[in-house]
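Contents: one structure, followed by commentary.
The values are calculated or read from the model by the stated rules, or taken from the named source; none is laboratory data. The structure displayed is predicted, hence computed values, not measured ones. Here the Cβ is made from the backbone with ideal geometry for all residues, glycine too, and neighbour counts use every protein chain on show.
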Amino acid sequence: MPAFVPDIPYHIQAVFVFTFSFIWIKAFTNDPDYNDPLPLNDDKAYHSIVWKCVWQSIQSSLLFMTAFAYLNPYIETVQNVWMQRFCRCVLNMMLMYMCFLIFMLNQRPEFGRKSLGFLDSKLNLKIERGMHTYDDDCELSWNRFWEDIDHYYLVHWLDWFVASFLFRDALILHFWQLFYEVIELSAQHRLPHFAECWWDHILTDILLSNTPAIFVGLWCVDKLGIRRYDWLGRFDQNGQRKNFADWDVFKCHRRFGNNCLQLILFSAHFLCSFFLMNAFLIPPTHSWVAMRMLLWAGGGGLGFREAYMDLETWNTEGRKYKPIEGRYRWLAMAVIFTEALTCYKYRVGTGHITDTPTPLYISIPWIGSGLALLFGFLYLRFKPGHTVKYPGIQRQDKPDSPRNRKGKQSSKKHAKSE
């Protein structure tokens, strides 16, 4: 019988959290005057900033390779060799993207934008038309409707078509497409680019792009023979639909917490898509936006697959011998949090973000919903009879482990004394 291998040892998790926290904090404390103008003709200051950025990027890369140097059960069990190579390629590209973000996070915003402008002459320029608002004229006419069929309409189609291959759950997908509109309404006071007319939300986004893209995407999923996911536990092992009160998400804290984590990370990812464009002065039609979306599609596919394997094996005997370590989810969380910190650090000097305070009718529902989800998770986690990782199985150490050797030695001494 294979020896027990913990998913991720707690000391590895602690090292990961504390090291990344150190990197994120140093990005702000190394240069507390990061919003001040750059010093003129000071090559020494430039060199110091750049080398700090390079060192922090190296630290983040070494940390990930050291902390998660295990084989991943998903990649190793993929039958197609080329798909295994693709998965490893996506993982390495996500790691390089994280290093790029760490590099940019440790820069002064003005110098970081100039660095991007040096790489591409189309960047580091004021964005006017690309970041305009969509609620200037809300008259529902054919001309106004046709004006809104722009690049974002195509992005909505591609985004939700690809998302169908990631989530593979119709109920979750339709929930998310409606929730995205709520996020836009909640954030438009800070980023006016989110402002849209009522018919833009309903017609252009929900009815004419998101919903058709989801149906087409799931149709392709079924035609290609790709397995559907059941994130809420709505079906039993025989594929029969359960009653609403019997869904696993209401009984298992692991499944409930996973959906809450998706809610947080996917919302942050959506907001960072727009706030990063604003932070780096990247036009919405620039190729960088499409490349980031494709990279997240690849990395998200691995992360969602890993998360679903976690839910499938949780509270089963098989989990004891097939650990789900979670390297993709940890990397995704690190990248999203780094994106969010970068957006915050680069918030000044773009002209598209306002300092309007968040109204109470927006903040109170969000805070109340967050607290309700937190209390729901804590109840499921600590209630009597809650689900566990290995039901009814005690930990078995390796035959040659120090604990077993010590136990054998003590038993021999006890036998001799008798």
Within region 1-42, the count of residues that are modelled with pLDDT under 75 and more than 30 Å from Phe111 (Cα to Cα) comes to 12
Checked region 208-245 for anything out of contact with any Phe, Trp or Tyr (no Cβ under 6 Å at 6 or more places or on another chain) and under 19 Å from Thr313 (Cα atoms); matches are Arg227, Arg228, Asp230, Trp231, Phe235, Asp236, Gln237, Asn238, Gly239
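Among the candidates Met96, Met104, which residue alone is within 24 Å of the chain's Cα centre (by Cα), closer than 30 Å to Val50 by Cα and without any contact (Cβ under 8 Å) to a residue 24 or more places away in the chain? Don't jump to the end; show me each part of the working.
Values: Met104 fails: without any contact (Cβ under 8 Å) to a residue 24 or more places away in the chain.
Of Met96, Met104, the one residue that is within 24 Å of the chain's Cα centre (by Cα), closer than 30 Å to Val50 by Cα and without any contact (Cβ under 8 Å) to a residue 24 or more places away in the chain is Met96.
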Requested in this report: Looking only at region 71-87, decide whether some residue is exposed (fewer than 15 other Cβ atoms within 10 Å of the Cβ), under 24 Å from the mean Cα position of the chain (by Cα), at pLDDT below 85 and not in a helix (DSSP H, G or I).
Outcome: yes
If you go through Phe179, Phe145, the only one that is within 24 Å of the chain's Cα centre (by Cα) and part of a helix (DSSP H, G or I) is Phe179
Scanning region 333-348 for residues that are part of a loop (DSSP other than H, G, I, E, B) and either among the acidic types (Asp, Glu) or crowded, with 16+ Cβ neighbours inside 10 Å (or both) gives Tyr346, Arg347
Being over 24 Å from Phe256 (Cβ atoms), part of a helix (DSSP H, G or I) and among the small types (Gly, Ala, Ser) narrows Gly370, Gly351, Gly298, Gly303 down to just Gly298
Of the residues in region 308-323, those that are within 18 Å of Asp236 (Cβ to Cβ), of a type outside the set (Val, Ile, Thr) and either in contact (Cβ under 8 Å) with a residue 40 or more places away in the chain or in contact with a helix residue (DSSP H, G or I) (Cβ under 6 Å, 6 or more places away or on another chain) (or both) come to Tyr308, Leu311, Trp314, Asn315
Selection from region 186-207 of residues part of a helix (DSSP H, G or I), touching a residue at least 24 places away in the same chain (Cβ under 8 Å) and farther than 17 Å from Ala279 by Cα yields Ser186, Trp198, Trp199, Asp200, Leu203, Thr204, Asp205, Ile206
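Say we look at region 349-373 and pick out the residues that are among the aliphatic types (A, V, I, L, M) and surrounded by 12 or more Cβ atoms within 10 Å (Cβ to Cβ); which of these is nearest to Arg190 (Cα to Cα)? Quick ask: steps written out before the conclusion?
Taking region 349-373 and keeping what is among the aliphatic types (A, V, I, L, M), we get 353, 360, 362, 364, 367, 371-373.
From what is left, the residues that are surrounded by 12 or more Cβ atoms within 10 Å (Cβ to Cβ) are 353, 362, 373.
Working: Ile353: 6, Ile362: 12, Leu373: 25 Å.
Going through the qualifying residues, I end up with Ile353.
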Among (1) modelled with pLDDT under 90; (2) on the phi > 0 side of the Ramachandran plot, Phe145 falls short only on (2)
Scanning region 261-307 for residues that are touching a helix residue (DSSP H, G or I) at 6+ places or on another chain (Cβ under 7 Å) and of a type in the set (Ser, Thr, Tyr) gives Ser267, Thr285
By residue number, the members of region 208-255 that are free of Cβ contacts under 8 Å to residues at least 60 places away in the same chain, more than 19 Å from Leu380 (Cα to Cα) and aliphatic (A, V, I, L, M) are Leu208, Ala213, Ile214, Val216, Leu218, Val221, Leu224
Would you check if Ser273 is without any contact (Cβ under 8 Å) to a residue 24 or more places away in the chain, surrounded by 16 or more Cβ atoms within 10 Å (Cβ to Cβ), over 21 Å from Ile23 (Cβ atoms) and among the small types (Gly, Ala, Ser)?
yes
Per the filter on region 320-332, residues basic (Lys, Arg) and part of a helix (DSSP H, G or I) are Lys320, Arg327, Arg329
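Of all residues being assigned to a helix (DSSP H, G or I) and aliphatic (A, V, I, L, M) in region 54-70, which is modelled with the lowest pLDDT? Just the residue, please.
Taking region 54-70 first, the residues assigned to a helix (DSSP H, G or I) are 54-67.
Remaining after also requiring aliphatic (A, V, I, L, M): 54, 58, 62-63, 65, 67.
Numbers: Val54: 77, Ile58: 77, Leu62: 72, Leu63: 69, Met65: 66, Ala67: 60.
Among them, the one singled out is Ala67.
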Scanning region 213-247 residue by residue, those surrounded by fewer than 17 Cβ atoms within 10 Å (Cβ to Cβ) and assigned to a helix (DSSP H, G or I) turn out to be Phe215, Val216, Trp219, Cys220, Asp222, Lys223, Phe244, Ala245, Asp246
